[in-house]
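All remarks here apply to the structure that follows.
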Amino acid sequence: MLGLAICGAAASAAWAQPWPGRPVNLIVPFPAGGTTDVLARALGQELAKSLGQPVIVENRPGAGATLGADYVAKAKPDGYTLLMGAVHHTIATSVYRKLGYDFQKDLAPVTTVAVVPNVLVVNPQVPARSVQELLALARAQPGKYTYGSNGAGTGQHLIGAQFESMGHVQLLHVPYKGSGPLTTDLLGGQIAMSFDTVTPVLPHIKAGKLRALAVTTARRSVALPDVPTMDEAGLKGFDMGTWFGVLVPRATPADVVARLNADMVRIIQSPSFQKKMAEIGADPVGNTPQQMAEQIRDDTERFARLVKDAGVSLE
C-alpha cells in the first residue's frame, strides 16, 4: 500500500509539473531556407531563452503547408507543439476540397510574428525590366513563361493567379515544396519568375542574380525601396502580402497560450529582433490572439472570393 501511495504521489507531482518542463517543438510546414523557416528559427532562438527550454524547429513540408498544420491540429494540446502558420493556411481552406482539420476550429492563434511583402522577380534571362514589358512578352506567347510557388494553393500561387487575371496573361504554374528548391530552380533558369516573399530572394536581388520588377503589397518594401508596387506598375488595386504567426492546438490551456503570447510579443517588439526583421525585409507585428483570430477570419473570407474568381481548386 505504501508503495502504491508513493507511486501515486510521484505521478501527481509529474502531472502538476509547471509548463514548460521539457523542450517545445515549433513545426514549420515548409522546407528549411524559406521565410517561414527563417522566422521560426529567429523566434525560436529567443523563445528558448525566455522559456528556459530548447525550442526545436521541425520542418514538415508538403501539400501547400497543410501537412504541418494537420500534424499540429491533431497534436496533444499541452503547449509542447506549436505551428508557424501563415496566410497560406487561410487560402488552403478554400483551395483544398478535403482537409483533415479546420484551421479556425482546430487551431488557436497565439500571435502574428511578421508581415512580409511578396515580390515579382524574374531570372535575368527573361528580357523584361518592368511589369509592362513582362506582360507584353507573356501576351505574345501564352503559356510559355513559368512561375514557381511554394506549393499549389499557397499565397504565391494565388498571387500568380491574380497577376494572370489582372494582367490578362496566361502563365504556367510550377508548384514546389518550399522557397529553397523554388529559388534554386529560379536561379538556374528552370523557371522564369516567382512571386515569393522578399526574404529568400533579397540576397539574390542585391547580387544581381534575380531582377525585381514589383512588390505585391500596396506599400513599397523597406528592403527594396526602389522597386515599385504592382499598383504603381499598372495593375491598379493589387495588394497581396504574406503574414506569419504562431498557433497551437485548440484545447491548449489558456495560461499556456497567455504565457506564449506575452513572451513572443516581448521578443518581437525588442530592438534586436526588429533589427533582424529589417534585414530580411519583414515587418514585425506581435499582436493579441484575438487580433490574430480576426485576421485569420477576414483573410479566409477574402481569399475564398479570390479562389472562386481565379478558379483554383485542388483535391
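The values are calculated or read from the model by the stated rules, or taken from the named source; none is laboratory data. Computed from a prediction, not measured in an experiment: that's the story for all the values here. All Cβ positions, glycine included, derive from the backbone under ideal geometry; neighbour counts span all protein chains shown. Ligands, DNA and RNA are excluded from the accessible area calculation, which covers all protein heavy atoms including side chains. Shrake-Rupley method; radii C 1.70, N 1.55, O 1.52, S 1.80 Å.
Among what's in region 153-197 and is aromatic (Phe, Trp, Tyr) and either more than 20 Å from ALA86 (Cβ to Cβ) or touching a residue at least 60 places away in the same chain (Cβ under 8 Å) (or both), pick the residue that is surrounded by the fewest Cβ atoms within 10 Å (Cβ to Cβ). Talk me through it step by step, then tell me what you get.
Initial filter on region 153-197 (aromatic (Phe, Trp, Tyr)): 163, 176, 195.
Filter again for either more than 20 Å from ALA86 (Cβ to Cβ) or touching a residue at least 60 places away in the same chain (Cβ under 8 Å) (or both), leaving 163, 195.
Values: PHE163: 25, PHE195: 28.
Across region 153-197, the extreme among qualifying residues is PHE163.
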**OP:** Please list, ordered by first then second residue, the pairs with beta carbon atoms under 8 Å, 6 or more apart or interchain, first in region 40-68 and over 19 Å from TRP243 (Cα atoms), second of a type in the set (D, E, K, R) and modelled with pLDDT of 95 or more.
**Re:** LEU47/ASP263; SER50/ASP263; SER50/ARG266; LEU51/ASP263; GLN53/ARG22
**OP:** List every residue pair whose Cβ atoms sit under 6 Å apart, with the two residues 6 or more apart in sequence or on different chains, where the first one lies in region 203-217 and is modelled with pLDDT of 95 or more and the second, anywhere, is surrounded by fewer than 18 Cβ atoms within 10 Å (Cβ to Cβ).
**Re:** LYS209/LEU187; LEU210/HIS204; ARG211/PRO124; ALA214/PRO228
Subject >> Candidate set: region 238-252, residues that are out of contact with any Leu (no Cβ under 7 Å at 6 or more places or on another chain) and in contact (Cβ under 8 Å) with a residue 40 or more places away in the chain; chosen: the one nearest to ALA128 (Cα to Cα) >> reply: PHE238
Subject >> Condition check for ALA233: touching a strand residue (DSSP E or B) at 6+ places or on another chain (Cβ under 8 Å), farther than 22 Å from PHE103 by Cα and of a type in the set (Gly, Ala, Ser) >> reply: yes
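If a residue counts only when it is open to solvent by 10 Å² or more (accessible area, probe 1.4 Å) and at pLDDT 95 or above, which helices (runs of 4 or more DSSP H) contained entirely in region 27-132 have at least 1 such residues? Break it down stepwise before answering.
On the way: elements: 35-51, 66-73, 87-95, 103-106.
Where helices (runs of 4 or more DSSP H) fall fully within region 27-132 and carry at least 1 residues being open to solvent by 10 Å² or more (accessible area, probe 1.4 Å) and at pLDDT 95 or above, they are 35-51, 66-73, 103-106.
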